[in-house]
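The values are calculated or read from the model by the stated rules, or taken from the named source; none is laboratory data. The shown structure was predicted, so the numbers you read here are calculated from the model rather than taken from an experiment. Using ideal geometry, Cβ is built from the backbone for each residue, glycine included, and neighbour counts are taken over all protein chains shown.
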Amino acid sequence: MAVFTDLDRRVCEPPFDKAGYDARRPVCDDVASKMPIVHVTGYKRLFKYIFINDPHEIPPTDGSHSLSSGTRKAEDLLGFKRSVYFYAGRAHRKFGNVALAFFACCEENHTGSATPFDSGGLVHPRRFIKLKLDSDDESRLVQYGKESVLSLSEWRTVFGKILAAYFDNVIDYWKGKPNPHDPEGLYELNDEWRAWTFEVRFYEGQSIFDRAAWCTDEPLWNRLRRDHDGQETKPPGDPPTALDRFMEGPGLIIAPGSATFCDEVERWVRKEVGL
């Protein structure tokens with residue numbers, strides 16, 4: 001049973017606090033509706049390739065510089081199309097050296113889906129996401145994953161309910177962990193935040209020029225700046241290069257970059273949602 005299954009009924013019964021849930025809903029719904037989504041890149045696919053190749057998008061996992069075969073295997077098991085991956089309001093250093101944040105409105109131009117956890121961790125051979133299910137029975141894990149899929153049009157509504165139901169304070173989505181009230185133990189057995197962070201998937205590429213904010217580490221920032229400054233002078237009237245558009249566009253959180261760029265993006269996210 002997914003963490004959101006029959007939640008409207010379950011929050012009326014112990015161990016949930018219905019009065020607290022009702023009191024938290026307005027704030028949690030507002031946070032969920034505004035929550036930027038974040039993509040970290042640069043590990044498997046060097047960020048510079050996005051500037052070299054049209055259409056200057058973060059590609060789905062069928063791209064030539066896409067994520068690992070493990071990601072594609074998870075997609076096949078769970079029935080997902082090849083996807084671009086985002087976390088709702090969180091950024092993980094494991095995936096690269098640049099974090100790009102996008103406002104909620106970017107979802108209007110996409111098809112896709114979401115789950116209330118990192119889908120790859122659920123079916124990874126090392127079972128990074130733990131449940132009260134037989135971890136050797138892959139079919140049970142796949143069934144749970146499929147039961148947990150939400151459409152792009154509905155995930156934010158469910159996200160608000162989960163924030164209100166399982167977190168005593170919405171800031172605990174970043175600073176703490178959920179209360180362990182879900183039937184399959186997702187919130188009881190896991191201490192790493194990817195077990196309770198919403199994963200959002202686009203089935204089409206996402207333009208880097210549409211980002212709301214971004215941050216990187218200092219070495220990459222210096223490389224991008226050198227490449228930008230070293231471009232040939234263009235004749236008047238020539239269109240800007242992809243690197244011009246990116247470097248001169250909005251949203252750089254810290255120059256000249258930071259070793260804690262993921263933390264900086266998350267701080268920006270919390271400010272954007274009013275926390």
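At a glance:
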item	result
Verdict on residue 86 being within 24 Å of residue 263 (Cα to Cα), among the hydrophobic types (A, V, I, L, M, F, W, C) and assigned to a strand (DSSP E or B)	yes
Test: residue in segment 106-123 that is under 26 Å from residue 16 (Cβ atoms) and touching a Pro at 6+ places or on another chain (Cβ under 9 Å)	no
Pick from segment 112-163, criterion assigned to a loop (DSSP other than H, G, I, E, B), among the small types (Gly, Ala, Ser) and under 21 Å from the mean Cα position of the chain (by Cα), ranking: farthest from residue 2 (Cα to Cα)	153
Output for segment 186-210, where each listed residue is touching a Leu at 6+ places or on another chain (Cβ under 7 Å) and modelled with pLDDT under 95	208
Flag for residue 193 being under 16 Å from the mean Cα position of the chain (by Cα), over 18 Å from residue 7 (Cα atoms), surrounded by 15 or more Cβ atoms within 10 Å (Cβ to Cβ) and touching a residue at least 40 places away in the same chain (Cβ under 8 Å)	yes
Test result for residue 209, part of a helix (DSSP H, G or I) and crowded, with 17+ Cβ neighbours inside 10 Å	no
Cβ-Cβ under 7 Å pairs, at least 6 apart or on other chains, segment 248-275 side surrounded by 17 or more Cβ atoms within 10 Å (Cβ to Cβ), far side assigned to a loop (DSSP other than H, G, I, E, B) and β-branched (Val, Ile, Thr)	264/253; 264/254; 265/253; 268/253
Residue in segment 159-174 that is loosely packed, with under 15 Cβ neighbours inside 10 Å and more than 28 Å from residue 260 (Cβ to Cβ) present	no
Residue in segment 62-79 that is under 30 Å from residue 217 (Cβ atoms), surrounded by 19 or more Cβ atoms within 10 Å (Cβ to Cβ) and at pLDDT 90 or above present	yes
Test: residue in segment 217-238 that is free of Cβ contacts under 8 Å to residues at least 24 places away in the same chain, out of contact with any helix residue (DSSP H, G or I) (no Cβ under 9 Å at 6 or more places or on another chain) and part of a helix (DSSP H, G or I)	yes
Qualifying positions in segment 164-187 - touching a residue at least 12 places away in the same chain (Cβ under 8 Å), over 16 Å from the mean Cα position of the chain (by Cα) and part of a helix (DSSP H, G or I)	164, 165, 166, 186, 187
Index of the failed condition, residue 141 passing every other in (1) without any contact (Cβ under 8 Å) to a residue 40 or more places away in the chain; (2) of a type outside the set (Asp, Glu); (3) farther than 22 Å from residue 158 by Cα	(3)
Filtered residues of segment 89-111 (kept if assigned to a loop (DSSP other than H, G, I, E, B) and either touching a Ser or Thr at 6+ places or on another chain (Cβ under 9 Å) or not aliphatic (A, V, I, L, M) (or both))	89, 90, 92, 103, 110, 111
Residue within segment 101-110 that is in contact (Cβ under 8 Å) with a residue 40 or more places away in the chain, crowded, with 23+ Cβ neighbours inside 10 Å and under 15 Å from the mean Cα position of the chain (by Cα) present	yes
